[in-house]
Amino acid sequence: EKEDKRPAYPLSWKEQTYLINELPEHLQSMVLFKLNTGLREQEVCQLQWDWEIPIPEINTSIFLIPYNFGGRNGKGGVKNGIDRLVILNDTTKKIIENQRGNSSPYVFLYKNQKLGKMNNSAFKKARVRAAKRMSETEGIKFNDDFANVRIHDLKHTWGHRLKIAGISFEDRQFLLGHKTKSVTSHYSAPELTQLIE
């Protein structure tokens, strides 16, 4: 992605549907989770059950990703250098419940192993199939941008949708993990409820 400086490509809802339908089941969950949280690829791949914090007052839980969780090479972590609070909406709560019960410390698995990356051959083949199927089914021109959608574009999709929904700039920054203020247990149930909404 550092070498590929093309503009962000947020998915439309229709493109999302076509993409999800072409993905293998384990990537469906991960992609939907990323589309509904704005997490970075390694934050999804490395998500651990130990990072889940129950919030019984509002009948939900959150995840708090440690800033130094390791990333892909074991030396990285949350990009902005602070712990990352992950708010779960209805979609992500269902995804988490479907993953619950595995014997691994990691939330998302493929063949009982943690996936090293989402941007793999299965994702790359699925995005091309999705673009082709959408072109054929909808009777529209093949979309090269959709056929080459990047994993990071899923984060852009989340941010784009938050903006369209009228979410304040401050809340968007927070939900996207761009906020520079440290995130700890200072957040109350009403504040978390507002972010969930």
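Just need the Rg to Rh number for the range 119-181, please, alpha carbons only, Kirkwood Rh. All intermediate terms of the calculation are to be shown ahead of the outcome.
Values: Rg = 15.3 Å, Rh = 13.5 Å.
Across the range 119-181, the Cα-based Rg/Rh ratio is 1.13.
Could you tell me the relative contact order of the range 1-145? Use alpha-carbon pairs under 8 Å, at least six residues apart, and round to a whole percent. Kindly include the intermediate steps, with their values, before the conclusion.
On the way: 170 pairs, mean separation 39.8, N = 145.
This gives 27 percent for the range 1-145.
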Too long for a 27 Å Cα-Cα cut-off, among 93/114; 14/79; 5/94; 5/79; 111/163, are 14/79; 5/94; 111/163
With every protein chain in place, the accessible area of residue 134 for a 1.4 Å probe, in Å² rounded to the nearest 10, comes to 20
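Is there a quick way to get the dipole size of the chain? I mean about its Cα centre, with the Cβ of Lys and Arg at +1 and of Asp and Glu at -1; what is the value in debye to the nearest 20?
Values: 30 positive and 23 negative charges, 150 e Å.
That gives a dipole near 720 debye.
Ranked highest first by the average count of other Cβ atoms within 10 Å around their residues, in what order do 9-19, 163-173, 55-65 fall?
Working: 9-19: 17.5, 163-173: 11.9, 55-65: 15.5.
Per-residue Cβ counts within 10 Å, averaged per peptide and sorted highest first, yield 9-19, 55-65, 163-173.
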Charge tally for neighbours of residue 61 with beta carbon under 9 Å away, counting Lys, Arg as +1 and Asp, Glu as -1, is 0
Computed over the chain: longest principal axis from alpha-carbon atoms vs helix 25-35 long axis, angle to nearest 10 degrees, is 70
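Which shape class, rounded, prolate or oblate, goes with the range 60-165 when its Cα gyration tensor gives a ≥ b ≥ c as root eigenvalues, a/c under 1.5 marks rounded, and past that a/b bigger than b/c marks prolate? Intermediate results must be reported in sequence, preceding the final value.
Working: a/c = 1.75, a/b = 1.61, b/c = 1.09.
Prolate.
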Using the Kirkwood formula on alpha carbons, the hydrodynamic radius of the chain in angstrom works out to 17.6
Extension length gain for residue 93 and residue 120 (0.36 nm per residue less Cα distance), in nm, is 7.2 nm
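The values are calculated or read from the model by the stated rules, or taken from the named source; none is laboratory data. Here the structure is a predicted model, which means the values were calculated and not measured. So basically every Cβ, Gly included, is an ideal-geometry build from the backbone, and we count neighbours across all protein chains shown. To get the accessible areas, we keep the full protein, side chains included, count just its heavy atoms, and leave off ligands, DNA and RNA. Shrake-Rupley method; radii C 1.70, N 1.55, O 1.52, S 1.80 Å.
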